[in-house]
Each structure stands twice: as C-alpha cells, then as structure tokens.
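These notes concern the structure reproduced below.
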C-alpha cells in the first residue's frame with residue numbers, strides 16, 4: 001500500500017465511518033483501492049499516473065465497467081489525502097450518506113475543470129448519472 005492508502009485505511013477501517021470498507025478488493029478484472037460492498041461504492045486514490053492521457057483513458061474504461069453494474073466510484077488525489085485527510089473523510093461521509101439514501105451528487109460537486117479533486121471527490125460512476 002502507498003502512504004496515502006495507509007493514511008486513509010487507518011481512518012476508515014473497522015467501520016469507523018459506519019460502513020465496512022474492504023481494501024484491495026477485486027471486482028471483475030479490476031482491483032479497487034477500497035470498496036463498500038453494501039453500498040456498491042469504490043474509493044480510488046490517484047497518483048500522478050492517473051493524470052496522463054493513458055491513465056485517464058484507462059480510468060474511464062474502468063469506471064464505465066463499474067457503472068455498468070451499478071457501482072459508484074469516488075476518486076481522490078494522493079496529495080489531497082496527505083494534505084487534507086479530514087476533508088477527504090468529510091466528503092466520504094457525505095457520499096456514504098447519499099448512497100444510503102439513494103441520492104447522487106451532481107458532477108460539479110465532484111470534479112473541477114482539470115478532473116482533479118477540487119472541493120469534492122472526483123466522482124466517476126453513478127454520481128454523474
């Protein structure tokens with residue numbers, strides 16, 4: 001696990017956010033960073049490789065695959081987890097509550113113009129409809 005993955009795992013393991021996260025969970029041919037099976041919610045942490053053209057294309061394909069089976073994906077930049085873990089956890093709490101209530105956020109909540117997390121998780125699956 002990377003440093004950001006360890007930091008986040010220590011904050012979400014053992015039902016600390018009221019749901020059970022699985023770490024390095026396989027779904028089809030993909031391995032997710034974190035997954036909440038009960039809510040069909042994936043949390044991905046993105047390093048620099050995700051912001052290359054190839055990385056973005058791969059993530060898009062992956063996301064569409066998850067979306068096709070009703071799984072929501074939330075993305076955070078590794079740097080954000082290290083700099084603002086409290087904010088990341090707050091946005092996860094909101095996403096969990098929304099998912100439990102059958103609600104979704106609009107794309108403006110999740111994604112800035114660059115696609116990087118700016119003020120909310122970069123939501124790929126299920127959040128944007």
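Bear in mind these aren't lab numbers, they're just calculated from the coordinates by the rules spelled out. No experiment lies behind these values; they were computed from the predicted model shown. Positions of Cβ are backbone-derived with ideal geometry, glycine not excepted, and every protein chain shown enters the neighbour counts.
Tabulated data
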{"quantity": "Output for the range 40-94, where each listed residue is under 16 Å from residue 27 (Cα atoms) and surrounded by 18 or more Cβ atoms within 10 Å (Cβ to Cβ)", "calculated": "41, 42, 43, 44, 59, 62, 63, 66, 71, 72, 73, 74"}
{"quantity": "Residue within the range 5-20 that is under 12 Å from the mean Cα position of the chain (by Cα) and either outside any strand (DSSP E or B) or over 12 Å from residue 74 (Cβ atoms) (or both) present", "calculated": "yes"}
